[in-house]
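Here is the structure we will look at, set down as structure tokens.
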Amino acid sequence: MSEVRTLKVALLGCGNVGAQVARILLDEAEALAARSGARLELAGIAVRNLDAKRDVELPRELFTTDADTLVKDADLVIELLGGIEPARSLILTAIQNGACVVTGNKALLAQDGPTLYEEADKAGVQLSYEAAVAGAIPILRPIRDSLSGDRITRVLGIVNGTTNFILDQMDTTGAQFADALAEAQRLGYAEADPTADVEGHDAAAKAAILASLSFHTRFALENVHCEGITKVTASDIASAKEAGFVIKLLAIAEKLVDADGGEGVSVRVHPTLLPREHPLAAVRGAFNAVFIEAENAGELMFYGQGAGGTPTASAVLGDLVSAARRLVLGGPGRTETTTGHVPALPVEASETSYYIGLDVADQAGVLARIAHIFAENGVSIEIMRQTIHRDAASNVESAELKIVTHRASEAALAATVEAVKALDVINSVTSVLRVEGV
């Protein structure tokens, strides 16, 4: 019987996820060896501060501040530092030294993924990043492998647990955005500085990764149209509920075909109204889900915990075992498939529906003037509801209009909103949100 090979594993970072990865590597060593065909020896954990308090008690002798030396001696490198540097340099060093790399660094992959993929291809090593999107949910490998014989046409994802928790709180309790955010921070779902989440940047990085795999073309963060949830009000949520919708922050990547048969891909992140019967509408709390439409497979949905130390560690260890098997069996590493070169399209090229809230003067002819502008821009109105209200201070009556359009080009819808704003009977445009799934 041949001797079981030992592979040295370097772990970079020991935060919530890194600490759980280290724990599993130590506690489940025999099971991981059986699954990978090699002993996975945790050679060291590189951290910035040796004395920082950690959730998991780990052998102190494993810790080091010398990440460069640790990486150069490793067969497998797990990068969980986050940020761009030194993560990028350390990953490149690992690749150039022939190590396979597992990372959860969505910001780095969205900004400079093509460079890393190219270097991994040259070195013949595996670069894996399942944990970079949707935490514990196995979504990247199914897109890359299980659906490789199909054509994906559209991906819609709830890929940020913080924003989904906030919007769900606003929907179920009627809370304002600030109150729902404070509750998310109290429960540990939101950081002290929640900007990356609530402004949509985290979801945009994940959208770029999903689009790259789904459409076999490298998309960067700059190709993603991004809007956050900070402008979503309790009134928007209530109006959506009244009309049978729920508001979610969606990452959307879809293939578009123009009148001449030319193809392109629109990648965008923004608050979106979904019918309450849509599968993604039922995703509650801090959970994530990705909904895929493919030509042959039809509609698929992947659902689960999108964050947290232990769930995300599960995705990291899955990648690690896969990379270890490849080292044991030999052969080149697998990173991504970039067989196509489909151009990234601006958000104006996409087709969607709009929900528009208007505060207007309560006088004859207002509805006709608004409807005329919609018709002029080729936008059809599907639903229009009117509510009259009186200002207590001025005793002046005005009307609140809630309009849902049929699908039209983003450019036509944007032009319609701008033209409506210019009418002298419009007091204010209270909200403009996109609608999907209708």
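The values are calculated or read from the model by the stated rules, or taken from the named source; none is laboratory data. Keep in mind that what you see is a predicted model, and the values were worked out from it rather than measured. For neighbour counting, all protein chains shown are included, and Cβ atoms are generated from backbone atoms with ideal geometry for every residue, glycine included. Ligands, DNA and RNA are stripped out before the accessible areas are found, and what is left, the full protein with its side chains, is counted by its heavy atoms. Shrake-Rupley method; radii C 1.70, N 1.55, O 1.52, S 1.80 Å.
Once every Cα of segment 1-157 carries one equal point scatterer and solvent is ignored, give the base-10 log of I(q)/I(0) from the Debye formula at q = 0.09, 0.10, 0.15, 0.18 Å⁻¹, two decimals.
Calculated log10 I(q)/I(0) at the listed q: -0.31, -0.38, -0.85, -1.19.
In terms of Cα to Cα distance under 22 Å, which lysines are near enough to Lys241, apart from those fewer than 8 places away along the same chain?
Lys231, Lys402
Between Leu187 and Asn427, what is the label-to-label distance in nm when each label sits 7 Å out along the Cα-to-Cβ direction?
Result: 3.5 nm between the two label points.
In a GNM of the chain with a 10 Å cut-off on Cα contacts, which of Gly378, Gly15, Gly124 has the highest mean-square fluctuation?
Gly378
Given a Förster distance of 45 angstrom, what is the FRET efficiency for Thr172 paired with Ala29, based on the Cβ-Cβ distance and rounded to 0.05? Before the final figure, lay out the partial values.
Working: r = 43 Å, r/R0 = 0.96.
So, using R0 = 45 Å, E works out to roughly 0.55.
Take every Cα-Cα pair in segment 138-228 and report what % of them are more than 21 Å apart.
Values: 1726 of 4095 pairs.
Cα-Cα pairs of segment 138-228 separated by over 21 Å account for 42 percent.
From the alpha carbon gyration tensor of segment 82-234, can you work out the equivalent ellipsoid semi-axes (sqrt of 5 times each eigenvalue) and give them in Å, largest to smallest? Before the final figure, lay out each step's value.
Values: eigenvalues 198, 65, 32 Å².
So the equivalent ellipsoid measures 31, 18, 13 Å along its semi-axes.
Nearest 10 degrees is fine. How inclined is helix 309-329 to the longest principal axis of the chain, computing both from alpha carbons?
Relative to the chain, helix 309-329 is tipped by roughly 50 degrees.
What are the ³J(HN,Hα) values, in whole Hz, obtained from phi via the Karplus relation 6.51 cos²θ - 1.76 cosθ + 1.60 with θ = phi - 60°, for each residue of segment 365-380 in sequence order, with x given for Gly and Pro?
Karplus values, whole Hz, x for Gly and Pro: x, 5, 4, 5, 5, 5, 4, 5, 5, 4, 5, 4, 9, x, 10, 9.
Can you grab the distance from the C-alpha centre of segment 32-105 to the C-alpha centre of segment 112-135, Å, no decimals?
Value for the Cα centre distance between the two parts: 16 Å.
Select from His216, Val267, Ala297 the residue farthest towards the positive end of the dipole of segment 165-318; place +1 on Cβ of Lys and Arg, -1 on Cβ of Asp and Glu, and compute about the Cα centre.
Ala297
Might you tell me the accessible area per residue for the chain, computed with a 1.4 Å probe and given in Å²?
Working: 18950 Å² over 438 residues.
Dividing the accessible area of the chain by its residue count gives 43 Å².
Are any of the pairs Lys8/Lys122; Lys72/Lys106; Lys206/Lys421; Lys106/Lys248 more than 26 Å apart by Cα-Cα distance, and if so, which?
Cα-Cα > 26 Å for Lys206/Lys421; rest within.
Report, to the nearest whole %, how much of the accessible area of segment 161-282 belongs to carbon and sulfur atoms, 1.4 Å probe, protein only. It would help to have the intermediate numbers written out before the result.
On the way: 2240 of 4630 Å².
For segment 161-282, the apolar C and S fraction of the accessible surface comes to 48 percent.
Please determine, in degrees from 0 to 90 and to the nearest 10, the orientation of helix 410-421 with respect to the longest principal axis defined by the Cα atoms of the chain, where the helix direction is its Cα long axis.
40
Starting from the Cα gyration tensor of segment 1-90, multiply each eigenvalue by 5, take the square root, and state the resulting semi-axes largest first in whole Å. Mind showing how you got there, number by number?
Values: eigenvalues 105, 48, 24 Å².
The answer is 23, 15, 11 Å, longest axis first.
Rounded to the nearest 10 degrees, what's the angle between the helix 201-215 long axis and the longest principal axis of the chain, both from Cα atoms, 0 to 90?
So the inclination is approximately 80 degrees.
Computed over the Cα atoms of the chain, what is the convex hull's projected area averaged over all directions, in nm²?
24.0
Taking the alpha-carbon centroid of each part, what is the distance from segment 162-200 to segment 1-22 in angstrom?
34
Can you tell me the alpha carbon radius of gyration of segment 234-289 divided by the globular rule-of-thumb value 2.2 N^0.38 Å? List each step's numbers first, then the result.
On the way: Rg = 14.5 Å, N = 56, 2.2 N^0.38 = 10.2 Å.
For segment 234-289, the normalised Cα radius of gyration comes out at 1.42.
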